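The next block holds one structure in the form of structure tokens; read it before the comments.
Just so it is clear, none of the values below were taken in a lab; they were calculated from the coordinates. Note that the structure is a prediction, hence the values are computed from the model and not measured. Note that we place each Cβ from the backbone using ideal geometry, even for glycine, and neighbour counts take in every protein chain shown.
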Amino acid sequence: MEIFGSTFDDSVFLQSKDRVAVPLSHYNAKRCEPEWFCESSALCTDDPLEKQKVYKFRGDLALKQGNYQKALDVYSSCLELNSANNMTIRRDVLEGMARCCTELGQRDRALHLSDLLSKDASNTCHLISILLLKVRIYQHFGALAPRMSCLQQLCILLPFNPWHWFNLGQMCLELLDSNSTSGSCSSQSCEPAEKTQSDGDIQEQQEEAAELDGDRVWLKACTCFIRTRLLLRFLRQQQSSFVLQRTESTLQTTDEVLQRLNPKETTLQTLTEVVSEDLIPDKMREDSQDGESLSSVCLQSFKERWWNKILLTGVLDTDAHREVRPVR
């Protein structure tokens with residue numbers, strides 16, 4: 001049986017074309033000193049592209065060093081020099097600015113910058129990067145409902161990536177642990193991502209808040225860790241070295257978490273059947289939409305693809321209010 005991700009394109013095995021090597025008449029490589037862009041002379045140029053490059057490198061370095069205000073200022077200077085058709089630099093700079101604003105506690109501006117990125121997104125790779133950025137923003141500010149929504153969208157875009165399922169499960173586990181100490185979801189955690197909302201947004205927010213109910217969070221945690229375990233076991237057959245070590249470690253963690261969640265055996269079997277329906281190699285290849293244009297992507301919602309099916313099984317009626325065992 002072919003395992004998803006283990007096959008090669010036929011073109012890999014085709015005979016390579018004969019290529020004639022053309023020697024270069026001369027080649028003078030440009031040598032740069034470490035952090036050359038930090039020198040004042042680096043901006044002594046009339047070339048706007050060169051200045052933009054210097055500001056970009058300075059911003060990246062400041063962000064790496066944790067100097068977020070400096071990085072934000074430098075990124076802003078870089079953005080002013082960016083041409084309208086240079087979308088790659090624009091995306092990198094906007095993301096860097098959003099991360100700086102997050103660390104500086106500027107939530108509204110960070111979300112505004114992420115919205116600008118969303119408008120420029122043209123394929124699923126862009127959308128995945130934006131969702132990961134929003135997860136970081138919402139996590140930093142403790143906004144649980146929108147963070148869960150972003151993680152679920154990642155699971156939809158990359159349904160066979162075990163790490164997004166694992167992260168969603170971890171978030172549900174954190175929520176269960178916090179609810180056990182505080183009694184319920186805090187108002188800050190459940191607040192909407194935006195201050196001004198339409199009726200549709202309000203309804204969506206109410207639905208998201210309902211998903212933070214203790215029993216549903218417990219069920220979603222069980223679902224995510226079961227799906228994670230299935231995917232990791234499936235992919236483990238083609239892994240080695242440190243990749244395999246990470247998989248084995250995560251599998252052990254997943255088993256321990258499921259013991260903590262303590263679902264009945266019948267619940268485990270039912271959830272496994274539902275979330276493994278699409279784990280067929282041929283179907284997995286067909287459903288892979290990584291890098292595709294957003295105009296050609298057709299996605300079901302998390303509820304349509306998995307959650308509604310799980311609720312229809314009735315496991316909440318037979319296995320609700322389960323006690324989550326404490327961490328040993």
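Values computed for the structure shown
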quantity	calculated
Residues M87, M284 arranged by fewest to most Cβ contacts within 10 Å	M87, M284
Proxy reagent accessibility, fewest Cβ within 10 Å first, across M97, M148	M148, M97
Listed residue pairs exceeding 22 Å between alpha carbons, taken from K220/K264; K134/K303; K30/K56; K119/K283	K119/K283
Order of Y68, Y75 - criterion: other Cβ atoms within 10 Å of each residue's Cβ, fewest first	Y68, Y75
For N123, residues with placed amide H under 5 Å, excluding near neighbours	L294
Evaluated at q = 0.11 Å⁻¹: base-10 log I(q)/I(0), Debye formula over Cα of the stretch 26-113	-0.33
